[in-house]
Amino acid sequence: MHRVIPLEYTFVFLVGACIGSFLNVCIYRIPRHLSLLRPGSRCPRCGVSIRWRDNIPIVSYLLLKGRCRNCGKPIPARYPLVECLTAVSYSMIYFLFGMSISFVGYSIFSTLLILVFFIDLYHRIIPDVVTIPGIAVGFLFSWLAPRTSVTNVRPWLAEDVGSSLFGVLLGSGVLLLTAYGGKFLFRKDAMGGGDVTLAAMVGAFLGWKYLLFTLFVSFLSGSLTGLVLVVLRKKSMASIIPFGPFISGSALFALFYGEKLLTLYLRLYV
């Protein structure tokens, strides 16, 4: 944690919002196997190219009152949501780690998590083109990042390369066992291959301890959400609830609050 300088936070927030704007392009195009560069941004309703003044993150959505300037149809609320979420995540990471290798690594990590969250939520797939390179990047940063800081707060949660590597193996192993066990017991797929690579990516960035924390929170939140949907009759027990958003959201939670909660748990029960 470091001294707050408003100008720096404003810059980090704006960068995060711009990255979030590009993530919206990725969320729409990656599942459809479209180029991320061409053509330029277009309205998904009418197909008309979006002018630069209508493509300013967050601001343009508010000025246009959530509607396309050309066709007048609603712009999905997902667009400003992704931009805000990315900007806030970058700001929180900067608050915790300052301008450091840890900031770079965890900003990439949060970007990948947000991307996976919304792609799986809307399209029920977790692209390997996102998670497999993410595993390599997480392992690389666990090797490059320093282990301690002047404030004695670990700037890299994975602790060392061994923790990162074990996190990859543990994450993929636990999810594979869950997938095979579910298929054996229920005679249907209980977990997708994308969930396996996503868990491995989380392990690469956070290490095995915070991976276990992430999986615990994701299984708990996923189960509770499923029960609520069943009670409300929004879903049946046979319905498939994508698990990727729960892993991604839990990993972000672990990044920001995992160390505090685990420290509190150890003080109370160990």
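The values are calculated or read from the model by the stated rules, or taken from the named source; none is laboratory data. No experiment lies behind these values; they were computed from the predicted model shown. Here the Cβ is made from the backbone with ideal geometry for all residues, glycine too, and neighbour counts use every protein chain on show.
Can you spot a residue in segment 7-23 that is among the charged types (D, E, K, R) and closer than 25 Å to GLY105 by Cβ? Don't jump to the end; show me each part of the working.
Within segment 7-23, the subset among the charged types (D, E, K, R) is 8.
Next cut, closer than 25 Å to GLY105 by Cβ only: 8.
Within segment 7-23, one or more residues are among the charged types (D, E, K, R) and closer than 25 Å to GLY105 by Cβ.
Determine if segment 74-97 includes at least one residue that is touching a Lys or Arg at 6+ places or on another chain (Cβ under 7 Å) and farther than 18 Å from PHE109 by Cβ. Even if it seems obvious, please write down each step before you answer.
Kept after step one, since they are touching a Lys or Arg at 6+ places or on another chain (Cβ under 7 Å), are these residues of segment 74-97: 74-75.
Still in the running and farther than 18 Å from PHE109 by Cβ: 74-75.
The answer is yes, given that some residue of segment 74-97 is touching a Lys or Arg at 6+ places or on another chain (Cβ under 7 Å) and farther than 18 Å from PHE109 by Cβ.
Going through VAL129, VAL137 one at a time, which residue ends up being assigned by TED's automatic domain parsing to the domain that holds VAL202, more than 14 Å from the chain's Cα centre (by Cα) and closer than 18 Å to ILE247 by Cα? It would help to see each step written out before you state the result.
Numbers: VAL137 fails: closer than 18 Å to ILE247 by Cα.
Testing whether each residue is assigned by TED's automatic domain parsing to the domain that holds VAL202, more than 14 Å from the chain's Cα centre (by Cα) and closer than 18 Å to ILE247 by Cα leaves just VAL129.
If we scan segment 92-102, do we find a residue that is over 23 Å from CYS26 (Cα atoms), among the aromatic types (Phe, Trp, Tyr) and in contact with a Pro (Cβ under 9 Å, 6 or more places away or on another chain)?
yes
What's the number of the only condition in (1) within 19 Å of PHE246 (Cα to Cα); (2) of a type in the set (Gly, Ala, Ser); (3) in contact with a Phe, Trp or Tyr (Cβ under 7 Å, 6 or more places away or on another chain) that SER142 fails to meet?
SER142 satisfies every listed condition except (1).
Can you tell me which residue within segment 109-125, out of those that are among the aromatic types (Phe, Trp, Tyr) and crowded, with 23+ Cβ neighbours inside 10 Å, is farthest from PHE141 (Cα to Cα)?
Among those that are among the aromatic types (Phe, Trp, Tyr) and crowded, with 23+ Cβ neighbours inside 10 Å, it is PHE117.
Select the helices (runs of 4 or more DSSP H) contained entirely in segment 24-130, then report the ones holding at least 3 residues which are touching a residue at least 40 places away in the same chain (Cβ under 8 Å). Steps first, answer last, please.
Values: elements: 59-63, 78-97, 101-123.
Correct list: 78-97, 101-123.
If I go through segment 3-17 residue by residue, how many of them are in contact (Cβ under 8 Å) with a residue 60 or more places away in the chain and not charged (D, E, K, R)? If you could, list the steps in order and put the result at the bottom.
Going through segment 3-17, the residues in contact (Cβ under 8 Å) with a residue 60 or more places away in the chain turn out to be 4, 8-9, 12-17.
Filter again for not charged (D, E, K, R), leaving 4, 9, 12-17.
Selection size over segment 3-17: 8.
Kindly list the number of the only condition in (1) touching a Phe, Trp or Tyr at 6+ places or on another chain (Cβ under 8 Å); (2) surrounded by fewer than 15 Cβ atoms within 10 Å (Cβ to Cβ); (3) hydroxyl-bearing (Ser, Thr, Tyr) that fails for SER49.
So SER49 meets the others, but not (1).
For segment 7-17, indicate whether the set of residues that are over 25 Å from PHE117 (Cβ atoms) and at pLDDT below 90 is non-empty.
yes
From the residues in segment 115-146 that are closer than 14 Å to ALA204 by Cβ and of a type in the set (Ser, Thr, Tyr), which one is modelled with the highest pLDDT?
Looking at the filtered set, the residue picked out is THR131.
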